[in-house]
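**Student:** Got a structure for you, written out below as structure tokens; questions coming shortly.
None of the figures in this text is laboratory data; all of them are computed from the coordinates on show. Just so it is clear, the structure is predicted and the values come from calculations on it, not from any experiment. We place every Cβ from the backbone using ideal geometry, glycine too, and count neighbours over all the protein chains shown.
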Protein chains: 2
Amino acid sequence: MPITNKSGLKIIALDVKDVRFPTSLGGHGSDALHTDPNYSCAYVTLTTEDRRYGYGLTFTCGRGTEVVVLAIRSFKRFVLGMNAADIFADFASFWKTITNDSQMRWIGPECGVAHLAAAAILNALWDLWARIENKPLWRLLVDMEPQELVSTIDFRYISEVITRDEAIRILKERKSGQGARLKYLSENGYPAYTTQVGWMGYSDETVSHLCKKYLNLGFTHFKVKVGVNVLDDIRRCSVVRNCIGDGKVLMVDANQAWDVNEAIDWMKKLAHLKPLWIEEPTSPYDVLGHTAISNALKPYGIGVAGGEMCANRVLFKQFLQSGGLQFCQIDAARVGSINEILAIYLMADKLNVKVCPHAGGVGLCEMVQHLQMWDYVSLSASMDGRFIEYVDQQHEHFSDPCIVENARYIAPKLRGYSTQFLPEVLDKFTYPTGSEWQRMFEDATFPEPDEAELLNV
Amino acid sequence: MPITNKSGLKIIALDVKDVRFPTSLGGHGSDALHTDPNYSCAYVTLTTEDRRYGYGLTFTCGRGTEVVVLAIRSFKRFVLGMNAADIFADFASFWKTITNDSQMRWIGPECGVAHLAAAAILNALWDLWARIENKPLWRLLVDMEPQELVSTIDFRYISEVITRDEAIRILKERKSGQGARLKYLSENGYPAYTTQVGWMGYSDETVSHLCKKYLNLGFTHFKVKVGVNVLDDIRRCSVVRNCIGDGKVLMVDANQAWDVNEAIDWMKKLAHLKPLWIEEPTSPYDVLGHTAISNALKPYGIGVAGGEMCANRVLFKQFLQSGGLQFCQIDAARVGSINEILAIYLMADKLNVKVCPHAGGVGLCEMVQHLQMWDYVSLSASMDGRFIEYVDQQHEHFSDPCIVENARYIAPKLRGYSTQFLPEVLDKFTYPTGSEWQRMFEDATFPEPDEAELLNV
């Protein structure tokens with residue numbers, strides 16, 4: 001139902017902050033290509049005339065966040081003065097404006113800094129919408145009529161795979177059984193898997209200790225980082241396989257470490273450890289490469305997963321069309337927010353590929369749980385073979401953090417998209433002015449910020 | 001030959017400016033998706049200890065240049081204090097550092113703002129190198145031994161198409177006949193085509209007038225923008241075909257206006273006007289889409305061209321592998337400068353696709369002429385069916401502008417990469433502080449800059 005009372009919903013402010021957490025100190029989040037990430041985000045707060053707020057973020061890895069923050073400031077011109085109700089009433093048009101401005105699209109298009117910046121703003125708008133409707137985001141989506149939901153999507157460049165009318169038809173069909181699925185979801189939550197046991201920077205002892213911990217917490221699916229040294233990988237994966245036994249599931253993640261043939265050769269050497277998937281074996285732009293890897297690894301029972309660095313729906317379309325991905329890992333903050341993610345879910349459904357969202361980082365678990373729960377209730381109608389990534393980090397910063405119990409995400413109950421920071425987080429971790437950063441500069445834990453990083457202050 | 005005397009070559013300053021020209025006032029450069037571009041660039045000046053300079057730029061379309069400028073500032077940390085000779089001695093390693101920093105790659109990777117920023121800095125480094133060697137850039141490349149040239153390339157993600165050793169072998173083979181080709185090039189220049197006759201904003205009268213003008217200047221290849229309205233396109237292309245006759249060549253450019261099936265249907269309606277190619281029919285990420293369009297249009301004798309918005313060598317690789325492009329339009333400032341462009345030329349050669357560089361904008365003609373001339377002398381050894389785009393705009397700003405005579409680019413003779421601005425250009429067109437911009441704000445020709453645009457000042 002479109003918002004009928006527009007009064008007070010004019011957007012009068014957009015604030016953006018560079019927020020960084022010093023995660024590189026513990027080796028958390030380290031992988032083959034990202035050796036020292038400081039999990040960070042560009043954090044947007046929208047304010048309406050009647051003092052409603054929308055909070056949205058895009059995840060980053062430390063350096064470079066300042067560039068995304070400036071891009072968000074550059075996009076302000078498309079948001080300020082707009083009535084939020086008008087945006088939601090024709091969300092696809094607004095989406096095109098912010099992602100395809102005739103001058104700014106050159107610095108994208110629909111990728112990298114520009115698309116991350118658009119995602120942060122769009123995420124804040126979706127949060128605002130859910131808050132206005134007084135619903136958790138997943139429930140806002142579930143309660144939308146197919147026609148309204150689909151009106152938020154730009155179908156440009158994907159119409160040979162799915163059209164607006166087809167999307168509406170599919171969503172109408174899947175209404176059957178929704179009540180039962182809502183009940184099941186609220187009683188049982190949604191399955192999670194853990195990436196916590198095998199960051200690249202962890203020792204074998206840490207890996208083994210964490211496997212036991214997460215086994216005890218009820219987890220059945222465990223993901224390990226690979227891709228620097230094949231003998232190390234065999235050893236590290238063996239540690240995990242020995243801990244979890246044959247009945248549980250191992251996944252491995254190379255974070256784009258390999259060339260196409262290297263990926264195939266490397267994975268053959270890990271095949272005896274029976275990984276369910278190899279995630280990001282090579283460049284996130286390489287549709288044909290992923291297809292070659294998928295085909296070569298099929299006889300070994302290994303699927304290919306990916307998506308966290310897939311720039312947009314056009315690349316996702318091809319990965320899904322070509323059989324390059326057996327597991328589609330949508331990300332909540334790289335592509336253009338829910339508007340674009342819905343298109344990817346619809347294409348994945350049409351082309352029979354299971355969605356298992358990417359999460360971790362900052363706020364990604366908080367966001368993707370909403371999306372995957374909507375998918376279960378309204379689209380795929382199944383949890384079979386699907387699970388949401390879970391990393392137990394950076395949740396304490398949020399006012400409504402995701403809750404995982406017995407290896408299942410519990411359906412959020414509070415209104416919004418679950419990415420509002422607690423006020424003290426901004427005081428402490430806004431970069432470089434926050435009190436924690438000032439302390440760490442003082443004791444030389446980190447070097448002082450450089451000229452570029454100071455520019456947005 | 002590596003630089004043996006490193007003394008004085010430490011890079012002690014990197015300056016970057018936001019430079020914009022008010023081209024939207026005349027409809028120049030307008031196309032289906034870019035309706036009002038202000039041709040612009042982020043302009044980098046490197047300074048060494050002994051006061052040598054390197055000038056490099058990346059092209060932009062107005063708004064958003066400020067974001068690229070900040071990204072360049074963020075990349076300063078990788079450049080300042082380095083000795084330029086050390087960079088050139090292992091250029092591929094430096095390339096990896098600036099394009100794949102473990103924290104910053106998340107805001108790419110290898111695309112959009114981050115890659116445009118890297119390109120501007122790398123272009124300045126190549127200019128500096130050519131100035132140190134006292135050669136025009138194309139000649140620097142021609143004079144390099146294959147081993148040295150190839151040492152500047154990162155072969156990651158493309159090794160299944162071309163390896164380092166294979167590239168060296170190919171370049172060695174093509175040494176035969178180089179002397180004769182150098183002579184031919186210096187006497188005859190390199191063929192150009194014009195995009196000047198058919199910008200979207202031009203009236204039929206203007207189109208017709210310009211066709212006659214460029215015919216008289218000796219041009220044989222004419223490109224027209226299409227993609228907003230099919231009846232308009234038929235009319236506009238007919239105007240051009242009538243002016244140039246059947247003996248000359250028409251190309252059309254949709255600037256990503258269409259979905260895949262739409263592109264096929266639309267082009268069938270233009271087929272009777274016998275265009276050589278349709279450029280950018282759809283999303284620059286759609287490898288499978290381009291392949292479908294290529295296959296569908298082959299019976300009509302229409303090829304597919306593209307590349308100016310192709311983010312990186314991995315996407316180019318697939319367009320070339322899949323038959324999605326019959327004309328490969330490398331761009332001098334979107335992918336990671338010459339290091340990456342050489343890889344694309346080598347793949348195009350291996351996969352038998354002709355390179356016809358994208359140019360126009362700001363400084364693109366100046367740069368790509370060097371690349372294509374190197375290709376003729378050292379790689380493809382042929383000009384057959386190849387030509388460089390030429391747009392007669394924004395050349396007056398450069399100290400060594402490209403020269404096109406009788407529809408042929410004349411080989412540059414001055415040292416460097418031809419992208420040094422005349423000093424008064426920066427005084428006038430630096431945005432928003434330049435005198436021309438101040439004048440235009442005052443008389444309200446353009447709105448005042450916004451908060452984001454002021455941040456880098």
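**Student:** If I take every Cα pair under 8 Å that is 6 or more residues apart in chain B, average their sequence separation and divide by the length, what percent do I get for the relative contact order?
**Tutor:** For chain B, the relative contact order is 19 percent.
**Student:** Percent relative contact order of the stretch A:357-439, based on C-alpha pairs within less than 8 angstrom and at least six residues apart?
**Tutor:** Here the relative contact order equals 28 percent.
**Student:** Of the DSSP beta bridges with both residues in the stretch A:172-409, give the percent that are antiparallel, rounding to the nearest 5.
**Tutor:** Within the stretch A:172-409, antiparallel bridges account for around 15 percent of the total.
**Student:** Considering only DSSP beta bridges with both partners in the protein assembly as shown, what is the antiparallel share in %, to the nearest 5?
**Tutor:** Once the DSSP bridges in the protein assembly as shown are tallied, antiparallel ones form about 55 percent.
**Student:** Shortest first and in nm with one decimal, please list how far the A:SER399 label point sits from its counterparts in the other copies (point 7 Å along Cα→Cβ).
**Tutor:** Label-point distances to the other copies, shortest first: 5.7 nm.
**Student:** Here is a follow-up. In percent, how large is the relative contact order of the stretch A:172-409, given Cα pairs closer than 8 Å and 6 or more residues apart?
**Tutor:** Here the relative contact order equals 21 percent.
**Student:** Here's something else I'd like to know. With both bridge residues required to lie in chain B, what share of the DSSP beta bridges run antiparallel, to the nearest 5%?
**Tutor:** 55
**Student:** Where nothing but the Cβ of Lys and Arg (+1) and of Asp and Glu (-1) is charged, how large is the charge dipole of the protein assembly as shown around its Cα centre, in debye to the nearest 20?
**Tutor:** 1740
**Student:** Same structure, new question: Please name which of B:VAL377, B:ALA333, B:MET367 has its Cα lying farthest along the dipole of the stretch B:172-409 towards the positive end, using unit charges on Cβ (Lys, Arg +1; Asp, Glu -1) and the Cα centre as origin.
**Tutor:** Farthest along the dipole direction, towards plus: B:VAL377.
**Student:** Could you work out the mean projected area of the convex hull around the alpha carbons of the protein assembly as shown, in square nanometres to one decimal?
**Tutor:** About 36.2 nm², averaged over all directions.
**Student:** Give the nm distances, rounded to one decimal, from B:THR445 to the matching residue in every other copy, measuring between label points 7 Å along Cα toward the beta carbon; shortest first.
**Tutor:** Between copies, matching label points for B:THR445 lie 5.3 nm apart.
**Student:** Loop only by DSSP, 11 or fewer other Cβ within 10 Å of the Cβ. Give me the trypsin sites (Lys or Arg not before Pro) in the stretch B:25-64 that pass, ordered by residue number.
**Tutor:** B:ARG51
**Student:** Of the options B:ILE162, B:SER283, B:VAL239, report the single residue whose Cα projects farthest towards the positive end of the charge dipole of chain B (beta-carbon charges: Lys, Arg +1; Asp, Glu -1).
**Tutor:** Checked the options; the winner is B:ILE162.
**Student:** What FRET efficiency comes out for the pair B:ASP86/B:VAL457, r = Cβ-Cβ distance, R0 = 25 Å, nearest 0.05?
**Tutor:** 0.15
**Student:** Also, quick follow-up: If the chain between A:ASP36 and A:ALA180 were fully stretched, how many nm would it gain, using 0.36 nm times the residue separation less the Cα-Cα distance?
**Tutor:** That works out to 47.4 nm of additional length.
**Student:** Compute the projected area of the convex hull of the Cα atoms of the stretch B:323-426, averaged over all viewing directions, and report it in nm² to one decimal place.
**Tutor:** Over every viewing direction, the Cα hull of the stretch B:323-426 projects on average to 7.0 nm².
**Student:** Going by a ≥ b ≥ c, the root eigenvalues of the Cα gyration tensor, does the stretch A:190-319 fall in the rounded group (a/c under 1.5), the prolate group (a/b larger than b/c) or the oblate group?
**Tutor:** prolate
**Student:** With 24 Å as the limit, write out which pairs from A:LYS96/B:LYS225; A:LYS274/A:LYS354; A:LYS10/A:LYS317 have Cα-Cα distances beyond it, or answer none.
**Tutor:** Checking Cα-Cα distances, A:LYS10/A:LYS317 exceed 24 Å.
**Student:** To the nearest 20 debye, what charge dipole does chain A have about its Cα centre, counting +1 at the Cβ of each Lys and Arg and -1 at the Cβ of each Asp and Glu?
**Tutor:** It comes to approximately 1320 debye.
**Student:** For the stretch B:356-415, run through the GluC sites (Glu not before Pro) and keep only the ones in DSSP coil with at most 16 other Cβ atoms within 10 Å of their Cβ.
**Tutor:** When the GluC sites (Glu not before Pro) of the stretch B:356-415 are filtered for loop state and at most 16 Cβ neighbours within 10 Å, B:GLU396 remain.
**Student:** Right, next: Straight-line reach from B:LYS172: which lysines have a Cα under 16 Å away, not including same-chain ones fewer than 8 places off?
**Tutor:** Answer for B:LYS172, where 16 Å is the Cα cut-off: B:LYS350, listed by chain and number.
**Student:** Give the nm distances, rounded to one decimal, from B:ARG164 to the matching residue in every other copy, measuring between label points 7 Å along Cα toward the beta carbon; shortest first.
**Tutor:** Taking the point 7 Å beyond Cα along Cα→Cβ, the inter-copy spacings are 5.3 nm.
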